[in-house]
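Undergrad: Below is a structure I'd like to ask you about.
The values are calculated or read from the model by the stated rules, or taken from the named source; none is laboratory data. Everything numeric in this text was worked out from a predicted model, so none of it was measured. With ideal geometry, Cβ positions are generated from the backbone for all residues, glycine too; neighbour counts draw on all protein chains shown.
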Amino acid sequence: MEFSIKTTLPEKQKTGCVVVGVFESRKLTDLAKSLDECSNGYLSDILKQGDMEGKAGSTLLLHHVPGVLAERVLLVGLGKASEFSEKAYLDAIHAALEAVRKTGAKDAYFCLTSTPVKDCDIEWNVYQAALAVKDGFYHFDKLKSSPEKKKDALKKIYLHASGKRVEEALLQGIAVAEGMKLAKDLGNLPGNVCTPTYLSTQALDIAKEYKLDSRILEKEDMQELGMGSLLSVTRGSVEPPKLIVLEYKGAAKSKKPVVLVGKGITFDTGGISLKPGADMDEMKYDMCGAASVLGTIRAAAQMKLKLNIVAIVPSCENMPSGSATKPGDIVTSMSGQTIEVLNTDAEGRLILCDALTYAEKYEPETVIDVATLTGACVIALGHVASGLYSNDEKLAAELIEAGEKARDRAWRMPLWDEYQEQLKSNFADMGNIGGRPAGSVTAACFLARFTKKYRWAHLDVAGTAYRSGRHKGSTGRPVPLLCRFLIERADRA
Ligand code: BES
Ligand code: MN
Ligand code: ZN
């Protein structure tokens, strides 16, 4: 899909389909009015006949509108003008895209982007439209033997917009969509394809394309560094573990980096604390944190953000076997703290804690980890918001705000000391589980013991990184949130 920005009046653009908005009830937006005037009131006549009210999500396709160069005119209902919010705007874009794709139009001119949205600027409109369109075209069928031939005629979209930074916003929307695509592809690939080794080769490909520094730590390197906790998780697997590091340098050397850490369990059986069989296939998504971190650093590099960013991905499988870690085993983390592995299915925190200690060497400005960490987070927040934990008020507020703006929301959860009690062990410095109550909180509290040396936030994306059921698939979240956070940071610098 190609995009470009135009300021041409809708009637003057030669295109397969020009798309304009209509508010409820039967109120033409400015650019729809312009079409109406050129066509001698053709649109208002049709509205008067009662063919369209302007209800949110409704569309009406017209052919051969007089005085208009486009082959088709698509009217899109926007709902009440007074209620035209971010959600209504995105719904309108989606409805428009769906309707245009049903036609044979090879290109389309979206004029919806110029309709003001409450509390948003034109750059936001452009960014979201590009993102929504690109993301709307995502499909994953590379593992079908004969993929359905998509007969999408639509190849190019023009967006009506004028403003100082609309071109930049367009490029950002495209970059974030491509980052999401990478995250989705990696997530959707099955465990027998997307192994730790596969993740590391994908990371190296990104490094090559965007000239990032890269480093892959092997098992021996982990042993040397004393990553006993990470190593305890990989013990039952025949796939070699990897710790992937990518460094993007968009700012002066002296500028401390934002470090992103992503959980990269390429399949989570639970280990000796084996999971039940139902839906276990979904545990191929247990590397979605890693995928989002790779997608984000790729997008940041594509946007040439003036920031330094490091991505760290600890990756391995969690398998049962004769050599697997057993419940009750005690391991020593890279930090020196000892851990009693009371449940081998609480493995995410075991690989993250060593990666978080490793992050110290980058003297980070901020560290954010992303992980499909707990089923309890899904119980708490469902599939709407990611769980956000932080040891820094300002960082937490920034991330919440970024999530709102990106419409990829997170909700703050507590890290109070009272919860730390639940991690007590009789035999080691801590256990790796805190019991059923507040399971997402105690998992975060575990990580907090390894992140005292820097500003840190943790996103539990177990409920948001992928969908189950008929629409099973990776969502690409929280790439939009992370990218928005980084864009705002770069803008402020
Ligand atoms: N990868 C899972 C968390 C998960 C569960 C993600 C469901 C997405 C959907 C994680 O490794 C895990 O197994 N967590 C356990 C922790 C428990 C043993 C303390 C859980 O949530 O049940
Ligand atoms: Mn697990
Ligand atoms: Zn897991």
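Undergrad: Is it true that P320 is within 16 Å of ligand 3 (Cβ to nearest atom) and over 20 Å from the mean Cα position of the chain (by Cα)?
TA: Yes; evaluated as a whole, the condition is true for this residue.
Undergrad: In this structure, does L90 turn out to be out of contact with any Asp or Glu (no Cβ under 6 Å at 6 or more places or on another chain), without any contact (Cβ under 8 Å) to a residue 24 or more places away in the chain and of a type outside the set (S, T, N, Q)?
TA: Against the criterion (out of contact with any Asp or Glu (no Cβ under 6 Å at 6 or more places or on another chain), without any contact (Cβ under 8 Å) to a residue 24 or more places away in the chain and of a type outside the set (S, T, N, Q)), L90 does not qualify.
Undergrad: Still on this structure, I have one more. Would you mind stating whether F23 is of a type in the set (F, W, Y), at pLDDT 95 or above and in contact with a helix residue (DSSP H, G or I) (Cβ under 8 Å, 6 or more places away or on another chain)?
TA: Yes.
Undergrad: Pairs only if they're at least six apart or on different chains, beta carbon under 6 angstrom, first in segment 157-182 and of a type in the set (D, E, K, R), second part of a helix (DSSP H, G or I); list them, first residue then second.
TA: R165/E123
Listed here are the residues, each with its yes/no results for (1) among the charged types (D, E, K, R); (2) over 26 Å from R467 (Cα atoms); (3) touching a strand residue (DSSP E or B) at 6+ places or on another chain (Cβ under 7 Å).
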| residue | (1), (2), (3) |
| --- | --- |
| A169 | no, yes, no |
| P190 | no, no, no |
| K211 | yes, yes, no |
| D221 | yes, yes, no |
| E224 | yes, yes, no |
| P257 | no, yes, yes |
| K263 | yes, no, yes |
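Undergrad: If you don't mind, another one. Can you confirm whether A251 is away from ligand 2 (no atom under 16 Å from the Cβ) and surrounded by fewer than 22 Cβ atoms within 10 Å (Cβ to Cβ)?
TA: Here the answer is yes, as A251 does meet what is asked.
Undergrad: Take the residues of segment 259-305 that are within 16 Å of ligand 1 (Cβ to nearest atom) and at positive phi: which is surrounded by the fewest Cβ atoms within 10 Å (Cβ to Cβ)?
TA: Selected residue: D279.
Undergrad: Please work out which one of (1) touching a residue at least 60 places away in the same chain (Cβ under 8 Å); (2) surrounded by fewer than 16 Cβ atoms within 10 Å (Cβ to Cβ) is the condition E393 fails and give its number.
TA: E393 satisfies all of (1) touching a residue at least 60 places away in the same chain (Cβ under 8 Å); (2) surrounded by fewer than 16 Cβ atoms within 10 Å (Cβ to Cβ) except (1).
Undergrad: Taking the options E178, E148, name whichever one is assigned to a helix (DSSP H, G or I), surrounded by fewer than 22 Cβ atoms within 10 Å (Cβ to Cβ) and not aromatic (F, W, Y).
TA: After applying the criteria, what remains is E178.
Undergrad: Among the residues of segment 327-348, are any away from ligand 1 (no atom under 15 Å from the Cβ), among the charged types (D, E, K, R), more than 19 Å from C194 (Cβ to Cβ) and within 31 Å of the chain's Cα centre (by Cα)?
TA: So far as segment 327-348 goes, no, none of its residues is away from ligand 1 (no atom under 15 Å from the Cβ), among the charged types (D, E, K, R), more than 19 Å from C194 (Cβ to Cβ) and within 31 Å of the chain's Cα centre (by Cα).
Undergrad: In addition: Please identify the pairs in which a residue from segment 332-360 that is over 22 Å from I244 (Cα atoms) and near ligand 3 (Cβ under 10 Å from one of its atoms) has its Cβ atom under 9 Å from the Cβ atom of a residue that is modelled with pLDDT under 95 and of a type outside the set (A, V, I, L, M, F, W, C), counting only partners at least 6 apart or on another chain.
TA: Taking only residues 6 or more apart or on different chains, not a single pair turns up.
Undergrad: Quick one: which of G403, G387 is crowded, with 16+ Cβ neighbours inside 10 Å, in contact with an Asp or Glu (Cβ under 8 Å, 6 or more places away or on another chain) and outside any loop (DSSP other than H, G, I, E, B)?
TA: Only one candidate passes the filter, namely G387.
Undergrad: Which pairs turn up if I take residues in segment 120-134 that are on the phi < 0 side of the Ramachandran plot and look for partners that are of a type in the set (F, W, Y) and not in a helix (DSSP H, G or I) with beta carbon separation below 6 Å, at least 6 apart in sequence or on another chain?
TA: Short answer, once both residue conditions are applied: A130/F3.
Undergrad: Kindly evaluate K242 against the criterion of being within 16 Å of ligand 3 (Cβ to nearest atom), closer than 30 Å to Q302 by Cβ, buried (at least 20 other Cβ atoms within 10 Å of the Cβ) and assigned by TED's automatic domain parsing to the domain that holds L212.
TA: no
Undergrad: With respect to G236, is the statement that it is within 16 Å of ligand 1 (Cβ to nearest atom) and either touching a strand residue (DSSP E or B) at 6+ places or on another chain (Cβ under 6 Å) or over 27 Å from G295 (Cβ atoms) (or both) true?
TA: The answer is yes for G236.
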